[in-house]
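To start, the structure under review is shown below, and the notes come after it.
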Amino acid sequence: MNKYDVAAYIWPAYTGDEPRTRIFWEEGIGEWQTVKNSKPKQNGYYWNRKPLWGYVNEADPYIMSMQINAAADHGVNVFIYDWYWYDNRPFLENCLNDGFLKSPNRNRMKFYIMWANHDANTLWDIRNSDHVDETIWSGQVNREQFEIIGKRWIEKYFTVDNYYKIDNKPVVSIYSLQNLIDGLGGVEECCDAIEWLDNEAKKSGLDGVHFQAIRWNGFTGNLTGVDGGAKKTENDVLVKLGFDSVTHYQYVHFADVKRNYEEITLDAEKEWENVSKVYTIPYYPHVSVGWDNNPRFREYDDNIVKNNTPENIEKAMLAARDFADGNGVNLITVNSWNEWTETSYLQPDNVNGYGYLEAIKKVFCNDNSK
């Protein structure tokens, strides 16, 4: 049994099998189109990353079988799939349903889902991303839709043998707490919906559901519907809602990324310590590989992490491992397996080869054998 669970987020857009992706990426290869067609900017900046595995279809079970082996061989033993529900139906499920779950070696890897319940806008469409801020689909759902989603999770995912559990409960992570609450009509309504899903899971023979929140840049106390508008700490809200743990999704959510990676890692360590003190539910440390989303824009954006070398990633992983040891937790989340257009990925490329995966292996594989 592994001493540590290293869980990498997966952005499931590297496939053309989802018809609705064509409104963003008309070539039919998903967001690989943006990666493949990246061009120099007006100031001479050029993002020229290329995947060593090619522009592969990650909804193909044989492609995912290869990726599962590469991940597991280097110490990544959990995939967290970004999961979407827009316009009353799922979006981008193909990579999980057709790729991962049909892979002949899927039992080498655990998985769980993070409901990416943010609004979908023109960010994914490079033709409009610089100048058009238009919501295409809302990430909010009402109670009726929530129950359809919950039953789908239980039937298709929670009851699968290699679904990731904590305390024998399937884990589901929620990206936007605000959107969850607003869509359901308030905190009390959200509490009731979460309790309903927990009970539905128990009816299916599970021990309930482990609800995990994604933390952003602090907490303003402005979440709607909290005891008639009274300001509460985020911990109070999460405990009231029935959440069981907290982690992060990306360093850019809480840190200035226009710096050297080593400086950002120090901020991350401070964030881990702060969160662990202000929450009464467990915090699982998070490491991001980097940030640079210039591929998604025609104009230059200077929010770029510098010197996120494999050596510096290894140091961040060591810090996360030390935090986990000191706080009695064994799950570390990583952004990400394949966020190419945000330049935060573990997959091998033309710049670092397998360097990021080797960094994970150095830190975790020896300990996992103990």
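The values are calculated or read from the model by the stated rules, or taken from the named source; none is laboratory data. What you are looking at is a predicted structure, and each value in this text was computed from that prediction instead of being measured. Cβ: placed from backbone, ideal geometry, glycine included. Neighbour counts: every protein chain shown.
Across region 322-356, what is the total count of residues that are surrounded by fewer than 23 Cβ atoms within 10 Å (Cβ to Cβ) and part of a helix (DSSP H, G or I)?
The total comes to 8.
Counting only residues that are outside any strand (DSSP E or B) and of a type in the set (F, W, Y), which one in region 144-163 is nearest to Q178 (Cα to Cα)?
Here the residue is F146.
Do we find a residue being among the acidic types (D, E) and either crowded, with 17+ Cβ neighbours inside 10 Å or within 24 Å of D161 (Cβ to Cβ) (or both) anywhere in region 103-119?
The answer is no, given that none of the residues of region 103-119 is among the acidic types (D, E) and either crowded, with 17+ Cβ neighbours inside 10 Å or within 24 Å of D161 (Cβ to Cβ) (or both).
Just wondering, is there one or more residues in region 135-143 that are under 20 Å from the mean Cα position of the chain (by Cα), outside any loop (DSSP other than H, G, I, E, B) and closer than 22 Å to T15 by Cβ?
Scanning region 135-143 turns up at least one residue that is under 20 Å from the mean Cα position of the chain (by Cα), outside any loop (DSSP other than H, G, I, E, B) and closer than 22 Å to T15 by Cβ.
For region 44-58, check the following and say yes or no: at least one residue is assigned to a helix (DSSP H, G or I) and without any contact (Cβ under 8 Å) to a residue 60 or more places away in the chain.
No: zero hits.
Has region 91-103 got at least one residue that is assigned to a loop (DSSP other than H, G, I, E, B) and touching a residue at least 60 places away in the same chain (Cβ under 8 Å)?
Looking for residues that are assigned to a loop (DSSP other than H, G, I, E, B) and touching a residue at least 60 places away in the same chain (Cβ under 8 Å), one finds at least one in region 91-103, hence yes.
Considering only residues that are on the phi < 0 side of the Ramachandran plot, modelled with pLDDT of 95 or more and assigned to a loop (DSSP other than H, G, I, E, B), which ones fall in region 182-237?
S204, L206, D207, V209
Could you list, in sequence order, all residues of region 288-303 that are within 16 Å of D133 (Cα to Cα), part of a loop (DSSP other than H, G, I, E, B) and in contact with a Ser or Thr (Cβ under 7 Å, 6 or more places away or on another chain)?
F297
Mind checking whether some residue in region 166-176 is over 30 Å from R108 (Cβ atoms) and either crowded, with 16+ Cβ neighbours inside 10 Å or without any contact (Cβ under 8 Å) to a residue 12 or more places away in the chain (or both)?
The answer is yes; a qualifying residue exists.
For a quick check of your reading of the model, give me the residue pairs whose first member lies in region 330-354 and is under 19 Å from K110 (Cα atoms) and in contact (Cβ under 8 Å) with a residue 40 or more places away in the chain, whose second is β-branched (V, I, T) and surrounded by fewer than 20 Cβ atoms within 10 Å (Cβ to Cβ), with beta-carbon atoms closer than 8 Å and at least 6 apart or on different chains.
Final answer for the pair search is L331/I166.
Please determine whether any residue of region 299-312 is buried (at least 16 other Cβ atoms within 10 Å of the Cβ) and under 24 Å from V172 (Cα atoms).
Within region 299-312, none of the residues are buried (at least 16 other Cβ atoms within 10 Å of the Cβ) and under 24 Å from V172 (Cα atoms).
Take G75 and tell me if it is closer than 30 Å to N327 by Cα and in a loop (DSSP other than H, G, I, E, B).
yes
Name the pairs: first residue in region 106-122 and under 12 Å from W83 (Cα atoms), second residue of a type in the set (D, E, K, R), Cβ to Cβ under 9 Å, at least 6 apart or on different chains?
Once the first residue is under 12 Å from W83 (Cα atoms) and sits in region 106-122, its partners that are of a type in the set (D, E, K, R) give Y112/K165; I113/D82; M114/D82; W115/D82; A116/D82.
Sort through V363, V289 and tell me the only one that's crowded, with 20+ Cβ neighbours inside 10 Å and closer than 17 Å to V252 by Cα.
V289
What tally of residues in region 13-43 results from selecting those that are of a type in the set (G, A, S), in contact (Cβ under 8 Å) with a residue 60 or more places away in the chain and out of contact with any Asp or Glu (no Cβ under 8 Å at 6 or more places or on another chain)?
Residues meeting the conditions: 1.
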